[in-house]
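Novice: Sending over a structure as structure tokens; questions will come in a sec.
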Amino acid sequence: MRGPVESVRFPPRPSEGESRAAIVQFCRLLHQKGFLSANDGNVSVRLGGGRILVTPTGVAKAFIAPEDLIVVDEEGRKVAGARSATSELPMHLEVLRRRPDVEAVVHAHPPTSIALSLVRSPRLNDVLPEVILSLGRIEVVPYARPGTEALARSLAGRIERSDALILERHGTIAAGRSVADAYFLTERLEHAAEVLWRAHALGRPLPLPEAEARALLSAHEHPDG
Ligand SMILES: [Zn+2]
């Protein structure tokens, strides 16, 4: 008999095999798009029953295979898999704990988003209407050392407000309804950062009128009016 929580979920959660294939597909895409290098970056997805599928440490995302992935429980204890889970596991667990509405987390090192976090561009949130509509307010999470509990804790209060964050001097983290969804949030964030970078190279990016930026943010926060 199916459990009550799992049976009411809609759309149905992908099978473990489908989730393994999705992680592999989007890890390769993250690498192809230049959103990470070598062993950087990590991806996780809920499997149901309190289990989470996550990328291992020390494996290049360009060559990752479905059998390389690790299953952990909600406390991060390994349930299955030959390797060790990513060193950024605390960050993934923190997001999944704080956002019961999301299924997957993508952490990457997209170069332009990282570069913008170094100069604190003032125009991150008020120049591109489609970015405000899709991502809301883009926040830069103050620096914490990669792989630490401190970095995981630094997401508190922020990941509840925003599906995608820039981590100062480090990368991005995105929480989505699927691996694909979290990947595309990452792609949107990096694309916005690229546009801003080019604008900064050409001159001083002009902001949207303040009232329009506010209206767009309100439309993002209350999509049904
Ligand atoms: Zn990282």
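Novice: Could you point to the residue in HIS109, LEU165, ALA38 farthest towards the positive end of the chain's charge dipole, with +1 and -1 charges on the Cβ of Lys/Arg and Asp/Glu respectively?
Specialist: About the Cα centre, the residue reaching furthest to the positive side is ALA38.
Novice: For the range 63-86 and the range 101-162, what is the centre-to-centre distance using only Cα atoms, to the nearest Å?
Specialist: So the separation of the two Cα centres works out to 25 Å.
Novice: If you plug each phi of the range 64-74 into the Karplus form 6.51 cos²θ - 1.76 cosθ + 1.60 with θ = phi - 60°, what whole-Hz ³J(HN,Hα) values come out, in order, with x for Gly and Pro?
Specialist: For the range 64-74, the Karplus-derived couplings read 5, 10, x, 6, 6, 6, 10, 9, 10, 8, 5 Hz, x marking Gly and Pro.
Novice: Looking at VAL119, HIS220, ALA199, which one has the Cα that reaches farthest to the positive end of the dipole of the chain (charges on Cβ: Lys, Arg +1; Asp, Glu -1)?
Specialist: Checking the options against the dipole of the chain, the answer is VAL119.
Novice: Something else about it: Using a probe radius of 1.4 Å on heavy atoms only, what accessible surface per residue do you get for the chain? Whole Å² is fine. Before the final figure, lay out the partial values.
Specialist: On the way: 11600 Å² over 225 residues.
Counting only protein heavy atoms, the per-residue value for the chain is 52 Å².
Novice: If I model a spin label as a point 7 Å beyond the Cα along the Cα-Cβ vector, how far apart are those points for GLN25 and GLU74 in nm?
Specialist: It is 2.8 nm.
Novice: Express in nm, to one decimal, how much length is gained between ARG161 and ARG177 on full extension, taking 0.36 nm for each residue of separation and deducting their alpha carbon distance.
Specialist: Full extension of this stretch gives 4.2 nm more.
Novice: A further question follows. Between ARG97 and SER218, with labels modelled 7 Å along Cα→Cβ, what's the label distance in nm to one decimal, could you check?
Specialist: Between ARG97 and SER218, the label points sit 3.6 nm apart.
Novice: Could I ask something else about it? Can you send over the carbon and sulfur percentage of the accessible area for the range 1-146, probe radius 1.4 Å, protein chains only?
Specialist: 55 percent
Novice: Check which residues have an amide H placed less than 5 Å from VAL127's amide H, if you skip close sequence neighbours.
Specialist: Excluding prolines and chain starts, which carry no amide H, the hits are LEU208.
Novice: Quick one: which residues, 5 or more positions from GLU139 or on another chain, have an amide H under 5 Å from its amide H? H modelled 1.01 Å from N in the peptide plane, none for Pro or chain starts.
Specialist: Counting only residues 5 or more places away or on other chains, the set is ILE166.
Novice: Taking the Cα-to-Cβ direction at ARG204 and at PHE10 and moving 7 Å from each Cα, how far apart do the two end points lie in nm?
Specialist: In this crude spin-label approximation the distance works out to 5.3 nm.
Novice: Here is a follow-up. In debye to the nearest 20, how big a dipole does the chain give about its Cα centre with +1 on each Lys and Arg Cβ and -1 on each Asp and Glu Cβ?
Specialist: Dipole about the Cα centre, nearest 20: 340 debye.
Novice: Using amide H atoms built 1.01 Å from N in the peptide plane, name the residues 5+ places from VAL79, or on other chains, whose amide H lies under 5 Å from its own.
Specialist: Counting only residues 5 or more places away or on other chains, the set is VAL71, VAL72, ASP73.
Novice: P(r) tail for the chain, what percent of Cα pairs lie past 25 Å?
Specialist: 39 percent
The values are calculated or read from the model by the stated rules, or taken from the named source; none is laboratory data. Here the structure is a predicted model, which means the values were calculated and not measured. Cβ atoms come from the backbone with ideal geometry, glycine included; neighbour counts cover every protein chain shown. Accessible surface areas use protein heavy atoms only, side chains included; no ligands, DNA or RNA. Shrake-Rupley method; radii C 1.70, N 1.55, O 1.52, S 1.80 Å.
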